[in-house]
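Inspection log for the structure reproduced underneath, given as structure tokens.
Bear in mind that the values in this text are calculations on the coordinates, not laboratory data. What you see is a predicted model, and the numbers here were worked out from it, not measured in a lab. Backbone-built Cβ (ideal geometry, glycine too); neighbour counts: all protein chains shown.
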Amino acid sequence: MRIDKILPPAVAPIGFKDIARGILSMRQGNRATAAFTDTLKDFFQIKYCYLLSSGKASLALILQALHELHPNRDEVLIPAFTCYSVPATIFRVGLKIRICDVLPETLDFDYAELTEQLSAPRLLCVIPTHLFGVTADIPKIRKTIGGRDIPIVEDAAQAMGGERLGQKAGTMGDVGFFSLERGKAFSTVKGGIIVTNSEAIGQALQRQVEAIPANSLAEQLALAMYAAALTVFSRPWLYWIPRSLPFLGLGETLFEPDFPIKRLSAFQAGLAAGWQNRLQENIHHRVKNSEYLVRLGIQAACSPEVLSSGLLRYPVLASDHAEKMALLQESDRLGLGGADVYPGTVEAIAALKNSLVDGTSQKARSIVARMITLPVHPYVTDRHLHRIAELFGKAAGIGGTCGEYSE
Ligand SMILES: Cc1ncc(COP(=O)(O)O)c(C=O)c1O
């Protein structure tokens, strides 16, 4: 067992004061969540905003609302490489999945294939994803859709507070959602936010949300205890403790369609107090650390313009799988927070055998084989980044081209 400073791959710090505010808010019930909703509407300049128990719960509601509006359409188009939570949610609500390949250099769609997949007659919506905080090119997707009525559901689970060309992630599509889970841009331990300006979608969502239960008092107290544990154990000098407990499954990616669908609790709304400043503070660190990695010669697998919006995790492509594994092993040994990405493409998820309609993932497979992410969160210091750069220098010595990759 390793007892040493170990960086988590991603963390949005929560303080004990925030937890205390959350506990005090429990008595306020719906007033606490309504106050949080108002600040979100103001910040994102949106008409409809709903707070749920997770990003998955948010996406489930969005899909159900869209299906209510378009009952004859039952296929959802997603990137071939994305968080397993996305296909798990589509599976959960009983819809079919189409995939579109993703380019390793940009983490964005392969547009030649996107054009073809968008012509499917039963398509309910497309879900572009701001993976690792790399903002997807929503205007380009909108242009590719043309005049057809195919709603864009923006998966901004990992990109709260991010922007592209002055537009806020989550608000560029027809409806968007964020995750407030630990390790996201801003966290209330767990949680999800839906935002939309569309009258039709907003009203359909309202009908869905009304039928959803809230957390019980016991569930809120369990969340408060979990928040306290996270506050303590996500610090680099204590992170080795949860990391050494295999049953916690830290860093594991599972396909889990059986998740609860509830409203965000008053405890979590209270925990979010002052979220705008805390989010900006997190983004400030992530931008500064990303820019420093660039100066140290480590190139991100995305277009350079998106760095200024604050990556959640800094994606890097090794020259091949062997170099990726060598980098991960060395990063692990030194406790530098380098992390693997999702273990396979959507196509590789066995449980989806009967739910996948069409699509390719050849380029996405190269992401799985070669990509790792580097930490840029507020606990990362310049010294950590220098040690990461040294690691990459060594990897280049192994025979790779990491940090200078170009296709
Ligand atoms: C891209 C993406 N979409 C959706 C989700 C689901 O969010 P949650 O974990 O809050 O359910 C996640 C969570 O990791 C994610 O990374």
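Dividing the alpha-carbon Rg of the stretch 158-224 by 2.2 N^0.38 Å yields what?
Values: Rg = 14.4 Å, N = 67, 2.2 N^0.38 = 10.9 Å.
With N residues counted in the stretch 158-224, Rg over 2.2 N^0.38 Å equals 1.32.
When the dipole is taken about the Cα centre of the stretch 16-210, and only Lys, Arg (+1) and Asp, Glu (-1) are charged at their Cβ, what size is it in debye, to the nearest 20?
The calculated dipole for the stretch 16-210 is roughly 720 debye.
In nm, to one decimal, how far is the Asn197 label point from the Ser303 one, both placed 7 Å along Cα→Cβ?
Reported label-point gap for Asn197 and Ser303 is 2.2 nm.
Take the stretch 33-143, compute every pairwise Cα distance, and split them into 5 Å bins from 0; I just need the percent in each bin.
Once binned at 5 Å, the Cα pair distances of the stretch 33-143 give 2, 11, 19, 20, 21, 16, 9, 3, 0.
Taking the Cβ of Ile90 as the centre, find all other residues whose Cβ is under 11 Å away and add up their charges (Lys, Arg: +1; Asp, Glu: -1).
+2
Can you give the charge dipole size of the chain about its Cα centre, rounded to the nearest 20 debye, using +1 on the beta carbon of Lys and Arg and -1 on the beta carbon of Asp and Glu?
With only Lys, Arg, Asp and Glu charged at Cβ, the dipole is about 1120 debye.
Considering the dipole of the chain built from charges on the beta carbon (Lys and Arg +1, Asp and Glu -1) around the Cα centre, which of Gly94, Gln362, Ile212 is farthest to its positive end?
Of the listed residues, the answer is Ile212.
Run the numbers on the chain and let me know its relative contact order in percent, using alpha-carbon pairs under 8 Å that are six or more apart.
Relative contact order, the chain: 27 percent.
Over all Cα pairs of the chain, how is the pair count split among 20 Å bins, expressed in % and running from 0 up to the last occupied bin?
It works out to 28, 60, 12, in whole percents.
Per 0.36 nm of contour for each residue apart, how much would the distance between Tyr226 and Asn354 grow if the chain were fully extended, relative to their Cα-Cα spacing?
Going from the current span to full extension adds 42.4 nm.
Need the full-extension length gain, Thr115 to Asp42, defined as separation in residues times 0.36 nm minus the C-alpha distance. One decimal, nm.
Gain on stretching Thr115 to Asp42: 22.8 nm.
Where q = 0.11, 0.17 Å⁻¹, what log10 of I(q)/I(0) comes from the Debye formula for the stretch 16-210, counting one point per Cα?
Rounded to two decimals, the profile gives -0.47, -1.12.
In a solvent-free Debye calculation with one equal scatterer on each Cα, what is log10 I(q)/I(0) for the stretch 252-342 at q = 0.11 Å⁻¹, listed in the order of the q values?
-0.52
State the volume of the convex hull built on the alpha-carbon positions of the stretch 63-103, expressed per residue in Å³ and rounded to an integer.
Taking only Cα atoms, the stretch 63-103 has a hull volume of 64 Å³ per residue.
Once Lys and Arg get +1 and Asp and Glu get -1 on their Cβ, which of Thr196, Ile19, Leu124 lies farthest toward the positive end of the dipole of the stretch 16-210?
My answer, from the dipole projection, is Ile19.
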